[in-house]
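The values are calculated or read from the model by the stated rules, or taken from the named source; none is laboratory data. These figures come from a predicted structure and were not determined experimentally. Using ideal geometry, Cβ is built from the backbone for each residue, glycine included, and neighbour counts are taken over all protein chains shown.
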Amino acid sequence: MQHVENFIKKHQLLSSAKTVVVGVSGGPDSLALLHFLWKRSAKYRIKVVAASFDHTLRGEESAREQSMVEQFCLARNIPFEGGEADVANFQKKNHLSPQTAARICRYDFFERVMKKFGADTLALAHHGDDQIETMLMRMTRGSEGYSLAGIPVKRPFTDGEIIRPFLGITKAEIEQYCKVEDLNPIYDPSNESEKYIRNRFRKKVLPFLKEENPNVHERFQYLSETITEDEAYIIHQTEIELEKVLIVKAEGKIELSVSAFNKMPIPLQKRGITLILNYLYKLNPSSLSSVHKENFLSLLGSEHPSGFLHFPSGLFVSRTYDRCTLSFVPIKNEEPSYDFPMDIPGIAELPIGILTAETTDCEPDSIRGKDVFVFSPNDVSLPLRVRNRRLGDRMAIAGVGTRKLKDIFIDAKVVPEERKIWPVVVDANDDVIWLPGLKHTERKSLNQSEQWVILRFQKNRHDV
């Protein structure tokens, strides 16, 4: 078992462990792991506790198996903790698959045992053949990211971690260990049934791979660790880039810049939507699939400026020009409203930016741009007001005539949400004289004026 000791050392599986709970079913894998760690408990300076869980799915048979594990532990003075749960009833009550229900109940039991004994480590007996089967199954059903890496060597669990010291060896090596140490494990007949997907991979695919390469488990484990390392780095880069893309990040809602998102490299885009969905859902629904993510990327990559998608559990995805919103809460239709005087000089803080007014007696001919409006007080009916748009608003544009503000917004590709709060500067007669950042009204000559007013608009811009 030198391979196992080397594996433990390489991945530092027991470097900080004090009390290790071993999940034991009585089969060859878990019994060998329990025996291996128990025999080396002094070397690793650990206390070993056996935890055996009865899923009560096979009646008296599974109860007898748990009793045999308990006797095994008593004979070696290994602390033993047994538990059981009505998995079938739990499955039915929570509408889960048998495997998922069994796993939840089993891990809940392990957590309780760890807390009872103050354990910091849970050791499970997954081995190299399990790793091959898991990775192949996930590849076949279209998994991505960390999932393709299969079974992790270690991962956080409750207040400690789960470790898997046997991932570097095969089932055959474990069975040989049981034979040499005279362990007499229990064999579950369900492991032979081909109605389970894993068993079909085990019986039909694994033998072929081992014929091609007897050490294929080592290559798959290396691939698993490589995927894990690469994915960790890419996820980190994605998180950095995603912060530059997000406009709004709130509970149940994300808004992002479409153009900024599309500038991200494709691998980061794919992981970006995964991170966004993980944040919104907390626990992804089983109906969420790679198809939803592909549809999201297609929506953002489309030449059409708008569109929407319906995701599971009531998540609504809406794109309008350069903004995409993912939210569980429907967008309200009521129009926000504001209307207040524009002091000269003065500053007005708007929902979408800042408007400033200043006066000057210098010639302002060089000042140009849609974010600036210069006029003589002699040519405009004061006082000015700033408000959001109203139904039927129009403005006079030099060389064009009058146009509806609605049409100006559409031409400028202003998203509907911003149109509702975009500032409209009007004179004392409520005539629109300036649509900041978009259009000026007709202006008279600035000559022969002793004073001028300069209005400046600074929109709240998202750094992309």
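Determine whether L242 is of a type outside the set (K, R) and either within 29 Å of V153 (Cα to Cα) or surrounded by 18 or more Cβ atoms within 10 Å (Cβ to Cβ) (or both). Yes: the conditions hold for L242.
Only residues that are in a helix (DSSP H, G or I) and touching a helix residue (DSSP H, G or I) at 6+ places or on another chain (Cβ under 8 Å) were counted across the stretch 50-72, and they come to 2. Scanning the stretch 227-236 for residues that are out of contact with any Leu (no Cβ under 6 Å at 6 or more places or on another chain) and either in contact (Cβ under 8 Å) with a residue 24 or more places away in the chain or surrounded by 17 or more Cβ atoms within 10 Å (Cβ to Cβ) (or both) turns up T228, E231, I234, I235. The residues in the stretch 180-200 that are modelled with pLDDT of 95 or more and either assigned to a helix (DSSP H, G or I) or not assigned by TED's automatic domain parsing to the domain that holds F7 (or both) can be counted, and the count is 1.
Could you say whether any residue in the stretch 6-20 is part of a strand (DSSP E or B), under 23 Å from F109 (Cα atoms) and either assigned by TED's automatic domain parsing to the domain that holds Q66 or not aromatic (F, W, Y) (or both)? Yes - at least one qualifying residue is present in the stretch 6-20. Counting only helices (runs of 4 or more DSSP H) that fall entirely inside the stretch 213-316 and contain at least 2 residues that are touching a helix residue (DSSP H, G or I) at 6+ places or on another chain (Cβ under 8 Å) and under 30 Å from I169 (Cα atoms), the qualifying elements are 216-245.
Taken together, S302, S290, S286 contain a single residue that is more than 23 Å from V415 (Cα to Cα), at pLDDT below 90 and surrounded by 12 or more Cβ atoms within 10 Å (Cβ to Cβ), which is S290.
Does the stretch 323-332 contain any residue that is touching a helix residue (DSSP H, G or I) at 6+ places or on another chain (Cβ under 7 Å) and loosely packed, with under 12 Cβ neighbours inside 10 Å? Looking for residues that are touching a helix residue (DSSP H, G or I) at 6+ places or on another chain (Cβ under 7 Å) and loosely packed, with under 12 Cβ neighbours inside 10 Å, one finds none in the stretch 323-332, hence no. Just to be sure before I move on: is L206 out of contact with any His (no Cβ under 8 Å at 6 or more places or on another chain) and in a helix (DSSP H, G or I) in the structure I sent? So L206 fits the description; yes.
Please determine whether any residue of the stretch 247-254 is in contact with a Ser or Thr (Cβ under 6 Å, 6 or more places away or on another chain), charged (D, E, K, R) and either in contact (Cβ under 8 Å) with a residue 40 or more places away in the chain or under 30 Å from S97 (Cα atoms) (or both). Yes, the stretch 247-254 has at least one match. Each residue in the stretch 38-76 was checked for being of a type outside the set (D, E, K, R) and either within 19 Å of A101 (Cα to Cα) or under 41 Å from the mean Cα position of the chain (by Cα) (or both), and 18 of them qualify.
Evaluating T19 against the criteria (1) surrounded by 15 or more Cβ atoms within 10 Å (Cβ to Cβ); (2) of a type outside the set (K, R); (3) closer than 15 Å to L167 by Cβ; (4) touching a Gly at 6+ places or on another chain (Cβ under 8 Å) leaves one unmet condition, (3).
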